[in-house]
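Colleague: Please read through the structure below; I'll follow up with questions.
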Amino acid sequence: MPGATTTPIACCSFCLKPDTEVKRLVAGPAVYVCDECIDLCCQIVNNVPTSARAQAQVEESLLGWVRRARALGATWAQVGDALGVTRQSAWERFAPED
């Protein structure tokens, strides 16, 4: 349930939200999908205009992956290489603001 204070058990494989921040997390072979990502996929399949929402979700997901890579020790140069941008561009886009 959203707002619960329990320790997360799993995270959505797409948006990286933990099970404690979504209503439902569906398990598949080596993946988990949250109700929000399923809803977005259904809208896309049904051809409902969702470009702004989809773009925001992609950006949020990418930010989550970059933060995870940095937490695991990836350098900004490695992040930039993976994204096809310079180290400086990666840092400017994804570095946490203090």
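Every number in this text was worked out from the coordinates using simple rules, so none of it is lab data. None of these values were measured; they are calculated from a predicted model. Here the Cβ positions follow ideal geometry from the backbone for every residue, glycine too, while neighbour counts run over all protein chains shown.
Colleague: Are there any pairs with C-beta distances below 7 angstrom linking a residue in region 71-86 that is on the phi < 0 side of the Ramachandran plot to a residue that is of a type in the set (A, V, I, L, M, F, W, C) and not in a helix (DSSP H, G or I), with the two at least 6 apart or on different chains, and if so which?
Modeller: Partner pairs satisfying both residue conditions: none exist.
Colleague: Within region 76-96, does at least one residue satisfy the condition of being buried (at least 17 other Cβ atoms within 10 Å of the Cβ) and either part of a strand (DSSP E or B) or among the basic types (Lys, Arg) (or both)?
Modeller: no
Colleague: Identify, please: which residue in region 20-66 is of a type in the set (Ser, Thr, Tyr) and in contact with a Leu (Cβ under 7 Å, 6 or more places away or on another chain) and is, among those, surrounded by the most Cβ atoms within 10 Å (Cβ to Cβ)?
Modeller: Selected residue: TYR32.
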